[in-house]
């Protein structure tokens with residue numbers, strides 16, 4: 001399928017020719033009523049395949065990848081891939097249940113969504129901690145100029161021990177890296193255990209059973225037989241457009257507006273409230289992307305700018321959480337001033353990444369609006 | 001005089017019509033040979049007037065403004081204004097001696113320049129420390145969200161004492177403010193004493209005598225009678241263009257390039273070496289601006305974009321030095337981790353100001369290049 005240009009900035013674009021073309025004709029003339037159960041069945045099958053792969057790669061309750069002997073790495077990587085595929089399918093099923101709710105059996109869909117959200121949330125955590133640590137260690141390396149310690153989290157503690165020969169701030173960077181390594185690896189190990197526990201729970205087995213049913217038979221509402229998917233996908237698009245319209249895009253489009261670091265030293269330990277609307281747009285963008293997949297099949301080419309916008313919002317979320325992790329590590333009792341200083345620099349650096357990601361999103365979104373208007 | 005458009009990005013622009021128009025006709029047809037001594041005499045007179053004002057406003061060797069009783073403020077402000085005017089004239093005389101060296105008595109000019117540089121450097125320091133503290137305290141307020149403590153440095157220490165009721169990071173911000181207040185106020189007091197000592201020294205009296213001679217009779221070289229000022233002003237312009245051409249303007253023009261904070265945690269306590277070429281351009285831009293003043297009189301309208309570029313470079317210098325002051329304060333022994341953390345955030349914030357100033361310079365310079373090419 002050729003790439004198409006949407007106009008997601010225009011809330012009235014539900015009637016634009018480009019969007020109508022995209023939303024109006026699902027998968028080469030398949031009846032709309034068939035596209036929805038077809039997509040759900042495919043994602044359910046994908047879910048079950050990933051689950052089988054996860055079990056076969058021997059996820060055995062041991063500690064996370066980096067603390068294992070080298071020989072176990074293949075299995076661990078396979079297990080991580082399987083967990084990713086499981087989350088990917090769970091998110092798509094959950095999102096589709098949400099967007100096309102009126103076409104599905106209400107009770108069944110209302111029961112299933114929170115269970116899928118619980119599952120993908122639980123599975124995502126281990127990966128998130130690992131990625132956060134990697135992001136922070138990479139940033140510390142960049143901020144220290146020459147590679148003061150290896151980019152692999154593994155080497156951080158060792159480098160901290162070696163760091164005494166260097167200037168005090170580099171020792172600070174190495175110690176900050178070692179502290180983050182300890183804290184985030186601990187969090188990751190706990191998330192790993194929680195994920196394994198979840199996968200062995202009766203709650204999970206109930207979800208898996210529901211997905212197994214879904215793979216063969218989708219519980220549709222009576223309305224589904226004659227309904228058009230277009231209006232529901234357009235509604236998802238409108239929710240996205242409305243949320244984007246509420247973002248401070250004028251500020252975001254002005255480089256170096258210093259907005260993301262405002263409250264950088266505020267006493268509130270919670271993540272910046274200014275980030276929440278951006279996180280919300282990230283979720284709505286994903287829901288809309290899944291809706292497009294339902295209409296055109298999961299293999300359809302997504303508008304590259306929609307993907308770019310999504311990547312900017314992922315980067316926004318990752319940098320926001322990394323900045324919070326640095327701030328949280330700085331509240332560890334009895335750390336050295338040099339460590340705290342390095343964590344302060346790191347926090348500010350990641351908040352500027354937040355600002356940079358907003359700028360990137362604004363640029364990409366503006367381009368989209370201009371090129372299709 | 002109408003505003004004119006230069007093309008300072010083009011090293012060959014010495015022959016461009018706009019620049020020729022600007023450089024070719026000094027002050028409504030005054031002979032070039034008269035413009036140079038006229039400018040120097042005027043600046044020398046300005047210097048002597050400022051010196052008289054400085055003495056009359058009773059600069060008495062006391063501590064800087066903010067520690068004085070309220071009644072002394074008028075005199076102190078007048079003294080600060082007079083010191084500013086003194087520096088302003090000294091810089092212009094020194095810069096003019098440099099740019100138009102071949103037209104002036106060589107021995108006299110070679111002897112006078114370092115003395116003027118010493119004087120304006122000595123006088124500048126007190127103001128620089130005060131401005132740096134103000135910049136850092138303003139930034140700490142911004143980073144703390146709501147005005148956690150007053151913008152006046154005076155209140156910082158008190159706010160630090162009050163800060164215990166707030167979260168630990170806000171205490172950190174207040175303590176960081178109090179620490180910077182102590183360190184920079186001490187530096188400022190020392191600079192104030194050094195300036196007063198300098199103004200009472202025989203070295204200064206020799207400079208003042210030379211300037212007094214200059215106010216009535218400028219020691220010209222024999223070549224001056226027939227020389228054109230244009231080529232020497234163009235040479236100043238070319239030195240500026242060459243230095244700008246060597247700046248990493250492509251990187252600077254890409255927002256959020258994260259270049260200024262590279263080495264933010266490096267062990268080197270010296271100011272970032274990457275800043276030096278920008279500081280150099282700042283000085284060359286100033287020299288060129290003075291050369292334009294010589295040709296068209298000190299009241300001539302300077303190209304607004306040249307001023308904007310200069311302001312961006314001033315901001316670059318100020319942020320660079322403020323970032324270094326925050327890093328230096330973080331090396332104070334036995335500070336609390338929360339203080340060090342706040343100083344780390346502050347350092348990174350100011351390094352991003354450095355990056356923002358480079359971006360602003362690039363934007364302004366590009367605009368100039370485009371609009372005149």
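For residue A:202, the conditions (1) at positive phi; (2) without any contact (Cβ under 8 Å) to a residue 40 or more places away in the chain all hold with the exception of (1).
For every residue, the table says whether it meets (1) over 18 Å from residue B:185 (Cα atoms); (2) without any contact (Cβ under 8 Å) to a residue 24 or more places away in the chain.
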residue: B:295; (1), (2): yes, no
residue: B:298; (1), (2): yes, no
residue: B:307; (1), (2): yes, yes
residue: B:310; (1), (2): yes, no
residue: B:313; (1), (2): yes, no
residue: B:316; (1), (2): yes, no
residue: B:325; (1), (2): no, no
residue: B:332; (1), (2): no, no
residue: B:336; (1), (2): yes, no
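Scanning segment A:340-354 for residues that are more than 7 Å from chain B (Cβ to nearest Cβ) and either buried (at least 24 other Cβ atoms within 10 Å of the Cβ) or farther than 18 Å from residue A:253 by Cα (or both) yields A:346, A:350, A:351, A:354.
Restricting attention to segment B:104-130, which residues are over 29 Å from residue B:190 (Cβ atoms) and surrounded by fewer than 23 Cβ atoms within 10 Å (Cβ to Cβ)? Answer for segment B:104-130, where residues must be over 29 Å from residue B:190 (Cβ atoms) and surrounded by fewer than 23 Cβ atoms within 10 Å (Cβ to Cβ): B:105, B:106, B:107, B:108, B:109, B:110. Taking segment A:204-315 as the region of interest, the helices (runs of 4 or more DSSP H) fully inside it that hold 2 or more residues being away from chain B (no Cβ under 14 Å) and buried (at least 17 other Cβ atoms within 10 Å of the Cβ) are A:230-245, A:276-296.
None of the figures in this text is laboratory data; all of them are computed from the coordinates on show. Please read these numbers as outputs of a predicted model, since none were measured by experiment. When we count neighbours, we look across all protein chains shown, and the Cβ atoms used for this are built from the backbone with ideal geometry, even at glycine.
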